[in-house]
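As structure tokens, the structure follows; a few thoughts come after it.
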Amino acid sequence: MGGADRRERQRRQEAAQARLRAAGITPKRGGLSGNALVLTIVAVVVIAAIVIGVTITLKNRSAAAAGPAATYPVSRSGVVVAAGQASAPVTVDVYEDYLCPYCERLETTYKDQITTALNAGQIKVNYHAVTILDTRTTPAGYSTRAANAALCAVDATIWPQYHAALYAAQPAEGSAGLTNDQLTKTGTDLGAPASFGQCVAANGNAAAITAATKAAEQTPALQTDGSFGTPTVTVNGTKVDLNNSNWLQGAIKK
Amino acid sequence: MVGTLARLGLAAVWLASGLLKALDPAQTYVAVKAYDVLPTDGVSIVAGILPWFELALGVLLLLGVGTRAVAVLSAVLLLVFIAGVSQAWARGLNIDCGCFGGGGAVEPGQTQYVQEIVRDTGFLVLAAWLIVRPRTFGALENLIGRAAEPGPRHSKVG
């Protein structure tokens, strides 16, 4: 609508109000009760949205906090962490990068299911820490340092808790990553001996981790659309679709 | 007329972006985290609330209830988004804004900070228009206002 229209309308409104005033009537301006009603509706809808968001968030978190404790055995085979009883009928292989945010989501979402299945001897899981995101920290190399620290944690017999702690404290891509001191403190807080810090600082598994990463990247069975990414999960050697939230339960029941 | 289009346009923006975020909570979490501003708990809370907050703004604008107030909330949220993208750009992070789903880190050189900020600024113009001129056609608040408007009778000055 044009400015002329608006001026004309305003003139008419003023004239109407002048007539009301002349008749001794005070027109109510703007419909206050209507305005209050509208603002109440806005407040109710916005608060309802926030409550929905908070409720969903808290529900997911309380489920994660009250998870089952890990009672399964953990051992190392080179740079691969073997979790669970060797006799378990289903073999799961997890390829993860400690800097990869989707790996953190995988861990957070399925940690309890995986721990329960490992405790019950339904599955065994081989954790392959790969380091495709080494260049995504400044300075580069957090993925490798974290993967090495996790292998140190196997030797310190704190692997399940340390693995979870690395994801709980996962730094953002583009950041500096956790320092060796922070990686060490996380371990000693979980009861690791003094040698853990030396193992973290030495980063002695770096070369083997890099070699294992290269090998994984070049394995066609692990690729999606011709390229390797994390997280990648296989069940008995076949890559699973992680968009299917039932991938683990389905594998156990088979 | 412009106001009506601005209202429905901004409603479409919030409904689309809110729905895409609500449908993929893990992706939304990753997108929020990539800004590297909030601690872990803050990321989960923001990622949990944001989709529903956007949907609420979208529904209210679509219906035309409290257009001016919702436009103010929209403008504030858009300014937060622009600030978030700007700080990521200034700090040299390489992320996708995750404005309409997606998000997270991208390869260096794949960032689209200028486009993202220009787009958000465009939405901000829509919100600003509605703050200045909230009266639009087909808005539910027109009916509420009229129903609540007293007839010509003596009444206290509000």
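The values are calculated or read from the model by the stated rules, or taken from the named source; none is laboratory data. For clarity, every value in this text was computed on a predicted model and none was experimentally measured. All Cβ positions, even for glycine, are placed from backbone atoms using ideal geometry, and neighbour counts span all protein chains on display.
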If the requirement is being of a type in the set (A, V, I, L, M, F, W, C), crowded, with 19+ Cβ neighbours inside 10 Å and in contact with a strand residue (DSSP E or B) (Cβ under 6 Å, 6 or more places away or on another chain), which of these qualifies: B:47, B:88?
B:88
Looking at region A:45-80 only, could you name the residues that are of a type in the set (D, E, K, R) and in contact with a helix residue (DSSP H, G or I) (Cβ under 9 Å, 6 or more places away or on another chain)?
A:61, A:76
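For the condition surrounded by fewer than 17 Cβ atoms within 10 Å (Cβ to Cβ) and either facing another protein chain (nearest Cβ under 9 Å) or assigned to a helix (DSSP H, G or I) (or both), what is the one hit in A:40, A:115, A:57?
Values: A:115 fails: surrounded by fewer than 17 Cβ atoms within 10 Å (Cβ to Cβ); A:57 fails: surrounded by fewer than 17 Cβ atoms within 10 Å (Cβ to Cβ).
Matching residue, one of A:40, A:115, A:57: A:40.
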Run residue A:107 past the list (1) of a type in the set (D, E, K, R); (2) assigned to a helix (DSSP H, G or I); (3) away from every other protein chain (no Cβ under 13 Å) and report the number of the one that doesn't hold.
(3)
Of those in region B:73-97 that are assigned to a helix (DSSP H, G or I) and polar (S, T, N, Q), the residue farthest from the other protein chains (Cβ to nearest Cβ) is B:86
Any residue at all in region B:28-45 that is touching a residue at least 40 places away in the same chain (Cβ under 8 Å), hydrophobic (A, V, I, L, M, F, W, C), within 7 Å of another protein chain (Cβ to nearest Cβ) and touching a Gly at 6+ places or on another chain (Cβ under 6 Å)?
yes
With the requirement that a residue be more than 21 Å from the chain's Cα centre (by Cα) and either part of a strand (DSSP E or B) or within 14 Å of chain B (Cβ to nearest Cβ) (or both), what does region A:88-104 give you?
A:90, A:91
Do we find that residue B:48 is within 9 Å of chain A (Cβ to nearest Cβ), assigned to a helix (DSSP H, G or I) and more than 14 Å from the chain's Cα centre (by Cα) in this structure?
yes
Please verify whether residue A:83 is touching a helix residue (DSSP H, G or I) at 6+ places or on another chain (Cβ under 8 Å) and surrounded by 13 or more Cβ atoms within 10 Å (Cβ to Cβ), treating the condition exactly as stated.
yes
Tell me, please, whether a residue that is without any contact (Cβ under 8 Å) to a residue 24 or more places away in the chain, touching a helix residue (DSSP H, G or I) at 6+ places or on another chain (Cβ under 6 Å) and hydroxyl-bearing (Ser, Thr, Tyr) can be found in region B:60-74.
no
Return the total of residues in region B:60-72 being more than 7 Å from chain A (Cβ to nearest Cβ) and surrounded by fewer than 24 Cβ atoms within 10 Å (Cβ to Cβ).
4
Kindly establish whether residue B:106 is within 11 Å of the chain's Cα centre (by Cα) and surrounded by fewer than 22 Cβ atoms within 10 Å (Cβ to Cβ).
no
Search region A:214-254 for residues being modelled with pLDDT of 90 or more and part of a strand (DSSP E or B), and hand back the single one that is surrounded by the fewest Cβ atoms within 10 Å (Cβ to Cβ).
A:238
Just one of the numbered conditions (1) away from chain A (no Cβ under 13 Å); (2) surrounded by 21 or more Cβ atoms within 10 Å (Cβ to Cβ); (3) touching an Asp or Glu at 6+ places or on another chain (Cβ under 7 Å) is not true of residue B:101; which one?
(2)
Name the pairs whose Cβ atoms lie under 7 Å apart, with the first residue in region B:84-108 and without any contact (Cβ under 8 Å) to a residue 40 or more places away in the chain, the second crowded, with 16+ Cβ neighbours inside 10 Å and of a type in the set (Gly, Ala, Ser), and 6 or more positions between them or separate chains?
B:94/A:174; B:94/B:105
When residue A:177 is run through (1) buried (at least 23 other Cβ atoms within 10 Å of the Cβ); (2) without any contact (Cβ under 8 Å) to a residue 60 or more places away in the chain; (3) among the small types (Gly, Ala, Ser), the failure sits at (2)
Out of A:161, A:85, sole residue that is out of contact with any strand residue (DSSP E or B) (no Cβ under 7 Å at 6 or more places or on another chain), of a type in the set (S, T, N, Q) and either modelled with pLDDT of 95 or more or part of a helix (DSSP H, G or I) (or both)
A:161
